[in-house]
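*Asks:* Pasting in a structure now, in structure tokens, and then I'll have a few things to ask.
The values are calculated or read from the model by the stated rules, or taken from the named source; none is laboratory data. Given the structure is predicted, the values throughout are model-derived calculations rather than measurements. With ideal geometry, Cβ positions are generated from the backbone for all residues, glycine too; neighbour counts draw on all protein chains shown.
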Amino acid sequence: MKFLVTGGAGFIGSNLTLHLEKEGHGVTVLDDFSSGQENNLKGFKGEVIRADIATFNLSSKFKKLDAIFHEAAITDTTITDEKKMFHTNVDGFQNVLDLASRIHAKVVYASSAAVYGKGPSPMKESQKSAPTNCYGASKAKMDEIAQEAMKGGKISSIIGLRYFNVFGPREEYKGSAASMIYQLAQQMKGGRRPRVFKYGEQRRDFVYVKDVMLANLLAFQSGKSGIANIGTGRATSFNEVIETLNRALGFSYGPDYFDNPYSFYQEHTEADLSFAKQLLGYHPHYTTQEGIKDYLGHPSAAHSKSR
Ligand SMILES: NC(=O)c1ccc[n+]([C@@H]2O[C@H](COP(=O)([O-])OP(=O)(O)OC[C@H]3O[C@@H](n4cnc5c(N)ncnc54)[C@H](O)[C@@H]3O)[C@@H](O)[C@H]2O)c1
């Protein structure tokens with residue numbers, strides 16, 4: 001099979017790219033390296049196009065692809081420049097859809113739980129989107145465009161995956177944008193108490209990147225269209241994450257609580273997975289706790305000890 005992975009030098013995109021190549025597929029990566037890293041693609045033998053997804057002339061380059069896995073996006077949720085955010089995330093997605101309809105490729109794209117904002121949880125795809133920042137608004141707009149394209153029928157299969165909080169190998173370089181699991185583990189490995197907002201009972205659906213890859217593969221294989229949540233189906237508190245990290249790393253650090261300065265902070269996210277099961281047959285293989293253990297055994301976790 002021939003695939004394009006946009007954002008393939010990023011955290012999720014590089015895991016997916018290397019997996020697809022290992023499975024024997026021909027993979028091309030397109031990335032502008034604004035947040036992605038060459039190091040993430042160590043060992044990758046396919047072509048890497050350094051370009052902006054919003055402006056690159058995709059049709060002049062690609063005449064045949066089985067699918068486009070679209071991961072490229074501005075992923076820093078603190079960015080408030082709406083024009084910039086929408087240009088990359090929304091115009092970039094439109095460029096991908098235009099190519100897909102021209103060359104009859106399937107599309108699997110990254111949406112986000114950020115579309116739900118502070119909405120009721122467990123979060124269902126049918127609930128009203130209520131993003132609290134311009135990143136979430138850009139993902140909600142992408143979903144709207146995807147739904148229109150599904151109705152238009154020019155693309156045989158479009159699947160949007162609303163990832164919850166993803167963690168795992170190759171997120172290291174993201175720094176402050178990396179997962180809370182990564183941040184807390186780093187603090188503890190550095191001999192510091194893990195810092196969380198008072199009183200650590202905020203809950204997130206932390207999903208391991210290997211399950212996100214699984215969801216992408218199922219989405220491609222399904223040949224269907226729709227937008228589905230991708231998480232573990234269970235919310236885990238920051239206090240519970242700290243307990244799991246203590247056990248896995250052999251520490252006994254108590255949390256260092258501090259005031260939360262953000263009014264738009266999501267207190268509780270949890271994916272309702274009923275539709276993902278129905279649409280894709282998606283069942284996560286890892287609980288958050290199992291994912292953390294697997295992650296800490298990965299060579300990149302050992303490497304990050306010395307950072
Ligand atoms: N990590 C999570 O918890 C999470 C949760 C929900 C949704 N998502 C979505 O998943 C996708 C991948 O996220 P990630 O965590 O791997 O983030 P990331 O920042 O590591 O990856 C994004 C990649 O897109 C590239 N990129 C950015 N702007 C681009 C442009 N204009 N042209 C080409 N490439 C560009 C970056 O260089 C980077 O390699 C994103 O669409 C993100 O919105 C991630």
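*Asks:* It is to be established whether one or more residues within region 16-30 are more than 8 Å from the ligand (Cβ to nearest atom), assigned by TED's automatic domain parsing to the domain that holds residue 109, of a type in the set (Ser, Thr, Tyr) and under 17 Å from the mean Cα position of the chain (by Cα).
*Replies:* Checked against the condition, which is being more than 8 Å from the ligand (Cβ to nearest atom), assigned by TED's automatic domain parsing to the domain that holds residue 109, of a type in the set (Ser, Thr, Tyr) and under 17 Å from the mean Cα position of the chain (by Cα), region 16-30 yields at least one hit.
*Asks:* Can I ask one more? What is the residue count in region 126-177 for residues that are small (Gly, Ala, Ser), near the ligand (Cβ under 10 Å from one of its atoms) and modelled with pLDDT under 95?
*Replies:* Count: 1.
*Asks:* Tell me yes or no: at least one residue of region 105-125 is in a helix (DSSP H, G or I), farther than 28 Å from residue 233 by Cβ and modelled with pLDDT of 95 or more.
*Replies:* No, there is no match, as no residue in region 105-125 is in a helix (DSSP H, G or I), farther than 28 Å from residue 233 by Cβ and modelled with pLDDT of 95 or more.
*Asks:* Say we look at region 76-90 and pick out the residues that are surrounded by 15 or more Cβ atoms within 10 Å (Cβ to Cβ) and assigned to a helix (DSSP H, G or I); which of these is nearest to the ligand (Cβ to nearest atom)?
*Replies:* Among those that are surrounded by 15 or more Cβ atoms within 10 Å (Cβ to Cβ) and assigned to a helix (DSSP H, G or I), it is 88.
*Asks:* Moving on to the next point. Would you tally the residues in region 218-241 being assigned to a helix (DSSP H, G or I), surrounded by fewer than 19 Cβ atoms within 10 Å (Cβ to Cβ) and in the same structural domain as residue 142 (by TED's automatic domain parsing)?
*Replies:* Residues in region 218-241 being assigned to a helix (DSSP H, G or I), surrounded by fewer than 19 Cβ atoms within 10 Å (Cβ to Cβ) and in the same structural domain as residue 142 (by TED's automatic domain parsing): 2 in total.
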